[in-house]
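First up is the structure itself, then whatever we jot down about it.
The values are calculated or read from the model by the stated rules, or taken from the named source; none is laboratory data. All values reported here derive from a predicted model rather than from experimental measurement. Here Cβ is always computed from backbone atoms with ideal geometry, including for glycine, and neighbour counts include all displayed protein chains.
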Amino acid sequence: MGLISKQLGKVAYITQTTVGAAETIVTNATTLDTVVTAITFHNTHSSAIVCTVCRVAASGGSVDTADINDEVWQQSVAASDTAVYDVPIPLNDTNDTIQVYAATASKVNCWADGFTLPDQT
């Protein structure tokens, strides 16, 4: 049986503009391991916008808030353009998350693709 790629999460428009309020796009569920294979950003604005991805480890089994140390990727996405972060990110613990934010609110669509599999521990 092979792995099937699927959309893991979607944010219609990223509304948060700071790391401490980053929006969760993927949360690893109990009994699963998740591998995020790509995160896509599409800028609908008339000027470039910096977008940021954070990999946030669970804290005491609960979803944690992103901080500057959780940032794994940041890129300016040109006006009316799309950028893809395509380095695999494994989420192994329950409530590990991928969180995103953008320098300008409500102008960037974002979605994550990847796969889930039964917990390998």
If we keep just the residues of the range 77-86 that are within 15 Å of I25 (Cβ to Cβ) and hydrophobic (A, V, I, L, M, F, W, C), which is surrounded by the most Cβ atoms within 10 Å (Cβ to Cβ)?
A83
The range 47-75: number of residues that are of a type in the set (S, T, Y) and surrounded by fewer than 13 Cβ atoms within 10 Å (Cβ to Cβ)
3
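Just checking, does the range 110-121 include any residue being outside any strand (DSSP E or B) and modelled with pLDDT of 95 or more? First the steps, then the outcome.
Applying the first criterion (outside any strand (DSSP E or B)) to the range 110-121 yields 119-121.
After this cut, where a residue has to be modelled with pLDDT of 95 or more as well, the list is none.
Looking for residues that are outside any strand (DSSP E or B) and modelled with pLDDT of 95 or more, one finds none in the range 110-121, hence no.
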Residues (surrounded by fewer than 16 Cβ atoms within 10 Å (Cβ to Cβ), touching a residue at least 40 places away in the same chain (Cβ under 8 Å) and small (G, A, S)) located in the range 1-46
S5, A12, G20, A21, A29
For T94, the lone unmet condition from (1) crowded, with 17+ Cβ neighbours inside 10 Å; (2) of a type in the set (V, I, T); (3) touching a Ser or Thr at 6+ places or on another chain (Cβ under 7 Å) is (1)
Among residues of the range 9-33, those that are modelled with pLDDT of 95 or more and either touching a Gly at 6+ places or on another chain (Cβ under 7 Å) or assigned to a strand (DSSP E or B) (or both), counted:
5
Please verify whether the range 64-86 includes one or more residues that are closer than 21 Å to T121 by Cα and assigned to a strand (DSSP E or B).
no
